[in-house]
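S.K.: Okay, handing you the structure first.
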């Protein structure tokens with residue numbers, strides 16, 4: 001279940017592209033909301049340099065251990081490092097952007 | 001409670017999952033509630049993780065119940081290492097598909113909360129782990145870490161409630177650990193959610209000696225022991241010591257076991273101690289309590305009775321050497337496997353630990369005789385009340401196992417010979433009480449032994465003196481002087497006096513005999529003289545008689561002549 005908007009590239013500044021993983025447990029209202037939220041933010045702030053992978057834990061529960069998934073939905077920023085996790089339906093845009101380090105705190 | 005309503009035809013047994021933890025199953029009367037969550041709470045370092053781990057591992061190894069260990073604190077390999085020293089091989093169990101260890105890392109710095117969420121991820125992980133090995137036992141250690149990692153307490157609490165419900169639905173026997181809070185059992189009030197069975201662990205240090213204790217705070221649907229039970233963590237994991245599971249209904253034996261001390265057996269009408277009874281040998285310092293104990297041990301070993309000797313004062317080597325000097329070869333019994341000597345300082349452990357060690361040894365080695373030398377040393381590690389309760393338990397323990405136990409007790413040197421603490425504590429519990437004591441006088445010290453009591457057996461009331469020589473103990477015959485019994489030099493001088501008197505008497509008798517002989521001789525001489533005298537008188541008289549007869553004859557003849 002991948003949703004690649006752009007092929008994986010590294011731009012000329014040497015900054016890696018953004019790899020995002022969204023862990024969900026079935027098509028719940030929370031996960032649908034989270035997906036639409038992150039898509040919106042990514043389009044807005046990271047256009048052209050991000051990928052979002054959606055992992056449904058109901059289908060592949062063994063993947064939960066690897067990324068230490070506890071709560072759903074969880075958005076994991078795989079790259080750039082360090083790994084960041086944002087849990088919840090991502091309705092709080094400010095916190096998502098701060099959490100992903102797209103935007104510094106209190107700007 | 002629930003039990004009573006089912007006492008018609010078949011007795012209802014509350015379904016329980018045995019923990020496999022030594023002693024805990026006795027207190028919980030079978031284990032943790034099956035298919036329900038149990039909360040184990042306690043302060044840091046009191047053994048929560050270990051207890052839950054043991055529950056899981058014993059479940060796998062002894063009851064064939066696979067288990068999932070979900071750790072919120074320690075990584076999997078740390079856990080493996082920690083319990084390896086206790087003889088549990090987690091890697092092997094994992095490879096056998098009997099155990100899943102899942103480390104859930106909750107790192108606050110990595111997690112940002114943005115909006116609504118639930119803990120389905122955790123549920124899925126746990127569910128996946130359970131299903132992958134068909135686990136029936138689950139441990140969550142320590143769930144409270146979640147509170148440190150997640151901000152939204154409202155969601156968390158709702159989710160925890162859901163989690164416990166879910167665990168119950170799954171039908172797994174779950175153990176949840178929780179850190180002890182200040183006024184609540186757990187810091188986050190987990191006891192609110194887990195209400196079936198709550199166990200509280202405690203680790204206390206009293207006068208530099210630490211004791212771990214366990215208490216069942218509640219157990220729904222079942223009776224259970226309510227006291228605080230001491231428990232021990234050693235190389236075999238946790239073992240709990242039930243206190244009140246002891247009843248006075250042990251079997252008794254009329255067998256007699258020999259005392260081993262020559263002469264002592266005769267002081268008892270039965271010729272020794274009853275098997276399974278307990279004997280207290282008390283006395284002041286240097287009255288040969290240990291020697292008597294070793295004699296007893298030696299005797300039992302000779303009869304191929306397994307014996308354990310707990311020495312709280314001497315090392316095994318020292319004991320063996322010392323006993324060799326009086327002709328006892330304990331090494332031989334050790335080599336043959338009939339004797340074990342365990343030496344430790346009483347202050348090494350708390351009282352309960354000593355008792356637990358004892359219990360373990362009794363279970364493993366199955367001795368028929370144990371010796372504790374001296375029991376009074378244990379007092380240094382506990383208060384009077386503790387010591388008493390410990391001794392009661394100890395004595396009950398050996399009685400239940402029909403073990404003949406001999407304790408020595410050192411009492412303080414007092415003039416009154418009143419029993420001190422150790423004696424007071426045990427005197428009403430022991431069946432036989434022998435006292436050895438110093439008898440001072442005439443510039444020397446002698447040892448005396450007497451029996452204070454012997455339940456169910458008549459016994460001598462005498463104070464017997466005994467001596468210890470290179471050949472061992474010897475009880476001497478009673479020697480009574482004008483002021484009571486005599487010992488040592490007094491006995492010696494008394495013996496000399498007696499011998500002198502005897503010689504005198506003999507001399508007197510001899511003299512009398514000689515006198516009689518002399519008298520007889522004199523008498524006989526007198527008789528001879530009288531007889532001689534008589535003979536001469538007789539001779540004279542017969543001569544006279546003959547003369548008179550002659551004269552008469554002559555007169556008659558004269559008359560005849562005149563008549564003519």
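S.K.: Looking at segment B:411-427 only, could you name the residues that are modelled with pLDDT of 65 or more and in contact with a strand residue (DSSP E or B) (Cβ under 7 Å, 6 or more places away or on another chain)?
M.R.: B:411, B:426, B:427
S.K.: Here is a follow-up. Take the residues in segment A:67-86 that are farther than 16 Å from residue A:56 by Cα and in a loop (DSSP other than H, G, I, E, B); name whichever of them is farthest from the other protein chains (Cβ to nearest Cβ).
M.R.: A:80
S.K.: Quick one: which of A:90, A:63, A:57 is within 24 Å of residue B:149 (Cα to Cα), more than 11 Å from the chain's Cα centre (by Cα) and at the interface with chain B (Cβ under 9 Å from one of its Cβ atoms)?
M.R.: Just one listed residue meets the conditions, A:57.
S.K.: Now for a separate question. Considering only segment B:29-57, how many residues are out of contact with any helix residue (DSSP H, G or I) (no Cβ under 6 Å at 6 or more places or on another chain) and part of a helix (DSSP H, G or I)?
M.R.: Residues in segment B:29-57 being out of contact with any helix residue (DSSP H, G or I) (no Cβ under 6 Å at 6 or more places or on another chain) and part of a helix (DSSP H, G or I): 9 in total.
S.K.: Another question, if that's okay. Taking residue B:452 as the residue in question, decide whether it is crowded, with 19+ Cβ neighbours inside 10 Å and at pLDDT 75 or above.
M.R.: Answer is no for this residue.
S.K.: Show me the helices (runs of 4 or more DSSP H) entirely contained within segment B:58-159 in which 2 or more residues are touching a strand residue (DSSP E or B) at 6+ places or on another chain (Cβ under 7 Å) and either crowded, with 17+ Cβ neighbours inside 10 Å or within 13 Å of chain A (Cβ to nearest Cβ) (or both).
M.R.: Per the criteria, B:76-84, B:90-95, B:120-133.
S.K.: Would you mind finding the one in B:200, B:167 that is assigned to a helix (DSSP H, G or I) and within 48 Å of the chain's Cα centre (by Cα)?
M.R.: B:167 is the lone residue from the list that is assigned to a helix (DSSP H, G or I) and within 48 Å of the chain's Cα centre (by Cα).
The values are calculated or read from the model by the stated rules, or taken from the named source; none is laboratory data. Just so it is clear, the structure is predicted and the values come from calculations on it, not from any experiment. Glycine gets a Cβ as well: all are built from the backbone with ideal geometry, and neighbour counts include every protein chain shown.
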